[in-house]
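To keep things clear, I will list the structure first and then write my remarks on it.
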Amino acid sequence: MTVPVRHCTAAPDGKVQQSTTAVRLREKIGYGLGDMGFNFYWANISAFLLIYYTDVFGISAAAAGTMMLVTKIVDAFTDPLMGAIADRTRSRFGKFRPYLLWLALPLAGAGVLTYSTPDLGETGKLVWAYGTYTLLMLVYTAINIPYSALSGVITNDSQQRTTLISYRFIGGFSGGILVTYLTPKLVPLLGQGDDVLGWQLTMLVFGIAAALMFFITFLTTKERIAPLSLQPNAVRQDLTDLKNNKPWLVLFALALIIMVTITMRAGSGVYYFKYYVVRPDLVGEFLSSYMLALALGAAVTPLMTRFIDKKRLMVLLMSLAGLLSISLYFVPADAVGVIFALNLAIGFVLGPKSPLAFSMYADTADYNEWRTGRRATAMTFAAATFSQKLGGAIASALIGWLLAAIGYVANEQQSSGSQTGIVLLISVIPGVIALLAAFVMRYYSLDNQQLAKIQCDLQQRKAEAASR
């Protein structure tokens, strides 16, 4: 099965015509498998790392929240640096694909170290947590930024990018399903009563599987889109271009806000079922069914964008996500069926967010090249990832701080006030933030008509440059 990718050429009468080439289904699946590998780490961090630190590693919720904020902020500032490095990489394999080979095994090693529990005192444990988690996120950044940028050079067609990135997030959410369902089962199975060993071996399994998927992505994808100018820009110029790219600035704010919503819901889900619903046996099913709903939402995104402009679709979906999330607050703990149903609905309307946003990032890279003649694909994605990580860091810190403020005590029955706080963390607070995201999206300016003109103009310029 192949899907046409439009290319614009200048006709003798000056009008723009279109020709087609094909992007293979194998390439889309291969690209999607890469994000499945990344979610063996990201989904685990979002859903389990905080409760691992508080209930297994043995540090306080406030200390864990602060640690996750500090380390992610440090890591987030390395994203633009990695974007600049990737944009300037030259190899026989391209700019971005080689990193999938070079860093797959170091990432697996960093994951095992992060989920290891050496016999140290309280201070020593904090030092270990800061060091290993920082290492994990730095290596993750160094491989993930080039992978994200790869979607911007596989095809230059906006609708095809949406389809390609939908495959990415179908793979990503599928990885999340596997992680959230299998992790609560693998830890006791592999550890045989030793949770410390169980976590180490679980992360080793996920790390090896992720490395294999990165290798498949490397083999099946191709970098096709070259910038108008082959001379790299100064890093300062790249950052200045982004600062003056208004559609990208809107997406930067949007990514930060939405990631607070998603991370807060994922990170508080384990606490919600363990201490409020009091059904820890359902944690895996609750989180994995949510990931399945996210994957389904991502899968239907290309169909949605055929009928609804990306901007209007994002506003609609985030509004629905906000209202549905707030409604969860009013569901009693024993209404498990209603809780699952609402969670599935929230997952479905949040699912298209990721393919929509990453497709729009690539669109803003085209917009910047059209406006300035300069292109920095990896920097565009890196700075966007910076805002996502910052949003995730803020959410993780808020969870830890709020748990400490409401009197959370690990592995004990919670007070009524503590239970109420846990419910707020998964319902009202992320719901209000989702509504804020819908409001921010109103300021995004690139519509389908303008994007079509941008692509045609860029194709004409490249054709003219090639004929000189």
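The values are calculated or read from the model by the stated rules, or taken from the named source; none is laboratory data. Fair warning: this is a prediction, and the values are worked out from it, not measured in the lab. Virtual Cβ from ideal backbone geometry, glycine too; neighbours counted across all protein chains shown. SASA here: full protein model, heavy atoms, side chains in, ligands and nucleic acids out. Shrake-Rupley method; radii C 1.70, N 1.55, O 1.52, S 1.80 Å.
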Sort out which residues of the range 170-186 are open to solvent by 10 Å² or more (accessible area, probe 1.4 Å) and either under 16 Å from residue 46 (Cβ atoms) or β-branched (Val, Ile, Thr) (or both), and write them in order of number. 170, 173, 174, 177, 178, 181, 182, 184
How many residues does the range 118-131 hold that are touching a residue at least 12 places away in the same chain (Cβ under 8 Å) and in contact with a Gly (Cβ under 9 Å, 6 or more places away or on another chain)? 2
Restricting the range 219-244 to residues that are closer than 22 Å to residue 359 by Cβ and at pLDDT 90 or above, the residue that is most open to solvent (accessible area, probe 1.4 Å): 222
State whether the residues of the range 96-108 include one that is free of Cβ contacts under 8 Å to residues at least 40 places away in the same chain, open to solvent by less than 40 Å² (accessible area, probe 1.4 Å) and within 20 Å of residue 200 (Cα to Cα). no
So residue 339 passes all but one of these: (1) modelled with pLDDT of 90 or more; (2) open to solvent by 20 Å² or more (accessible area, probe 1.4 Å); (3) under 27 Å from residue 412 (Cα atoms). Which condition number does it fail? (2)
Of 141, 155, 162, 114, the only residue that is open to solvent by less than 10 Å² (accessible area, probe 1.4 Å), within 30 Å of residue 282 (Cα to Cα) and of a type in the set (S, T, N, Q) is 114
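Residues are listed down the side, and each one gets a yes or a no for (1) under 30 Å from residue 458 (Cα atoms); (2) among the hydroxyl-bearing types (Ser, Thr, Tyr):
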| site | (1), (2) |
| --- | --- |
| 187 | no, no |
| 194 | no, no |
| 204 | no, no |
| 217 | yes, yes |
| 222 | yes, no |
| 254 | yes, no |
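Residue-by-condition table, conditions (1) among the basic types (Lys, Arg); (2) under 18 Å from residue 345 (Cα atoms); (3) open to solvent by 10 Å² or more (accessible area, probe 1.4 Å):
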residue	(1), (2), (3)
254	no, no, no
262	no, yes, yes
268	no, yes, no
271	no, no, no
274	yes, no, yes
281	no, no, yes
293	no, yes, no
296	no, yes, yes
Within the group 133, 167, which residue is modelled with pLDDT of 90 or more, crowded, with 20+ Cβ neighbours inside 10 Å and under 29 Å from residue 458 (Cβ atoms)? 167
Can you name the helices (runs of 4 or more DSSP H) wholly within the range 379-468 that have at least 2 residues being buried (at least 17 other Cβ atoms within 10 Å of the Cβ) and in contact with a strand residue (DSSP E or B) (Cβ under 7 Å, 6 or more places away or on another chain)? 448-467
